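The values are calculated or read from the model by the stated rules, or taken from the named source; none is laboratory data. Predicted model, so just to flag it, every value in this text is computed and none were measured. Every residue, glycine as well, gets a Cβ built from its backbone with ideal geometry; the counts of neighbours run over all protein chains shown. For the accessible areas, the whole protein counts, side chains as well, though only heavy atoms, and no ligand, DNA or RNA atoms are used. Shrake-Rupley method; radii C 1.70, N 1.55, O 1.52, S 1.80 Å.
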Amino acid sequence: MPRCYVCRRPQSMCLCSLMPSVANRTDVLLLQHTRERHHAFNTARIVRRALQRCRLIVDHNAGFAVRDLPLREGAALLYPSSDAPLISELGDGHRVR
C-alpha cells in the first residue's frame with residue numbers, strides 16, 4: 001500500500017492537505033519515545049507539522065535522561081492532565097533557569 005512520505009499514512013488516508021499551519025508564539029519541544037515513532041496515529045508528527053515553532057526529538061527514556069535538551073530559560077514542562085495548572089499559573093520555581 002503506497003504511503004505519503006510526509007505524514008506516513010496510507011495515501012488514501014493522508015492528512016497533509018488538511019493540516020493547519022499555526023503561527024505559535026511559544027517554542028514547543030516534543031519528546032517522543034522511539035516505540036511511538038511508527039504508531040498509526042503519531043500525534044507528535046502531526047503537531048510538529050502544524051506548529052511553526054516546534055521541534056521533535058525521538059529517543060528512549062534512558063536517552064532522554066542523559067541528553068542535553070535544548071531548553072531556553074523560562075521553559076516549562078507541560079503534561080496533559082485534567083488537574084494540570086495553566087502555564088500562566090506557574091511561578092519561577094517551576095521553570096528552567
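Using the structure shown, decide if His33 is without any contact (Cβ under 8 Å) to a residue 24 or more places away in the chain, open to solvent by less than 90 Å² (accessible area, probe 1.4 Å) and over 19 Å from Ala23 (Cα atoms). Spelling it out, it is not the case that His33 is without any contact (Cβ under 8 Å) to a residue 24 or more places away in the chain, open to solvent by less than 90 Å² (accessible area, probe 1.4 Å) and over 19 Å from Ala23 (Cα atoms). Criterion applied to Val66, Val28, Val22, Val6 was being β-branched (Val, Ile, Thr) and free of Cβ contacts under 8 Å to residues at least 24 places away in the same chain, and the one residue passing it is Val66. Of all residues in region 38-97, those satisfying the criterion of being modelled with pLDDT under 90, outside any helix (DSSP H, G or I) and among the basic types (Lys, Arg) are Arg67, Arg72, Arg95, Arg97. Considered as a group, the residues in region 41-62 that are free of Cβ contacts under 8 Å to residues at least 24 places away in the same chain and open to solvent by less than 100 Å² (accessible area, probe 1.4 Å) include one that is farthest from Ser17 (Cα to Cα), and that residue is Ala62.
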